[in-house]
Amino acid sequence: SYRRCIALPLDDRFDPPMGVFSHGHVDTGDKMSLPRNFWDSITKSKAEVPWLFEVSRVDGVTSPRVTLPHDEHHHPSAANLSRAVGGALDFRCPDNYAFLPKWMFSALGLRPRDVVDVRLVTKTPPGSAVRLRPHTSAFVNIGNHQAVLETELKHYSALTLGSTIPFDYRGERYYFDVVDLRSAPRGERVPMAKVQDCDIAAEFVRAKDQLKPKKKKKKGGNKRDGQE
């Protein structure tokens, strides 16, 4: 069952104290702050860890999508995303509200105070492989970038295909498009997959700043220009 909530972005007020695993990762993880009634749903359903929650746009209720400029940190296919999945940071926010990480706002084209549906999901498949496209080749040039990737992915309970997720490393923020996501054990392409407690193979594809711009096809009306 779902609950309709007013979505607001997380900020530093929700940062757990030092010593807690998610400390310092309010913006660079998939955790959200939810009302107490979601904890009640977990206890009633006896859901197993990781507890995952799907956030979705509501047709006819959620305001029109925010159109992000081309230079924003987002994946082009995010223009079609209507739902995303993440974990719980805590269950202490006011009733009828949900505080979400900023990348999820971008992925779903949300504005603060948009209305969304949130529900506990228990059938998200475990992930077997993920391919990420860094927005900048600077991250790949880090000597131990694979180890950094594996460490930072631990702050995501699950991933959503087509979303763009951020990592922080040595004071710099890096963005990554989730371009391919496979489930275990068959390796099927899936829209969402668990990452926590999964043996998932993560690899990079060519960085966004290394991609050659696509050539625009000339329209028929341009032929005249070429003859002059």
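The values are calculated or read from the model by the stated rules, or taken from the named source; none is laboratory data. All of these numbers come straight from a predicted model, not from anything done at the bench. For neighbour counting, all protein chains shown are included, and Cβ atoms are generated from backbone atoms with ideal geometry for every residue, glycine included. Ligands, DNA and RNA are excluded from the accessible area calculation, which covers all protein heavy atoms including side chains. Shrake-Rupley method; radii C 1.70, N 1.55, O 1.52, S 1.80 Å.
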Query raised in the report: For the chain, what is the calculated [θ] at 222 nm in deg cm²/dmol (nearest 500), taking -39500 (n - 2.57) for each run of four or more DSSP H residues and dividing by its residue count?
Result: -4000 deg cm²/dmol
Query - Residue-normalised accessible area of the chain, expressed per residue, 1.4 Å probe, Å² - result: 58 Å²
Query - DSSP bridge orientation in the chain - percent antiparallel, rounded to nearest 5 - result: 75 percent
Requested in this report: Compare Phe21, Phe99, Phe167 in a GNM of the chain, Cα atoms joined below 10 Å, and give the one with the largest fluctuation.
Outcome: Phe21
Query - Zone residues, segment 96-134, relative to Lys46, backbone N less than 19 Å from point 7 Å out along Cα-to-Cβ - result: 120-124
Query - Under 12 Å, Cβ to Cβ, from Asp168 - net charge with Lys/Arg +1 and Asp/Glu -1 - result: -1
Query raised in the report: If one takes the longest principal axis of the Cα atoms in the chain, at what angle in degrees, from 0 to 90 and to the nearest 10, does the Cα axis of helix 36-45 lie?
Result: 80 degrees
Query raised in the report: Among Glu152, Glu203, Glu172, which one moves the most in a GNM of the chain with springs linking Cα atoms closer than 10 Å?
Result: Glu172
Report summary line: Once Val179 and Asn96 are pulled to full extension, the length gained, defined as 0.36 nm per residue separation minus their Cα-Cα distance, is 26.6 nm
**Report entry** Top positive-direction residue, dipole computed over the chain with Cβ charges, set His23, Tyr169, Cys5
**Finding:** Cys5
Query raised in the report: Based on the mean of other beta carbon atoms within 10 Å per residue, what is the order of 34-40, 4-10, most packed first?
Result: 4-10, 34-40
Requested in this report: Report, largest value first, the span of the C-alpha coordinates of segment 73-167 along each principal axis, in whole Å.
Outcome: 45, 25, 23
Query raised in the report: Across the chain, how large is the tail of the calculated P(r) beyond 33 Å, expressed as a percent of all Cα pairs?
Result: 19 percent
Query raised in the report: If you add up the charges near Phe139, with Lys and Arg at +1 and Asp and Glu at -1, over every other residue whose beta carbon is less than 15 angstrom from its beta carbon, what do you get?
Result: -1
Query raised in the report: At a probe size of 1.4 Å, how large is the accessible area of Tyr174, to the nearest 10 Å²?
Result: 30 Å²
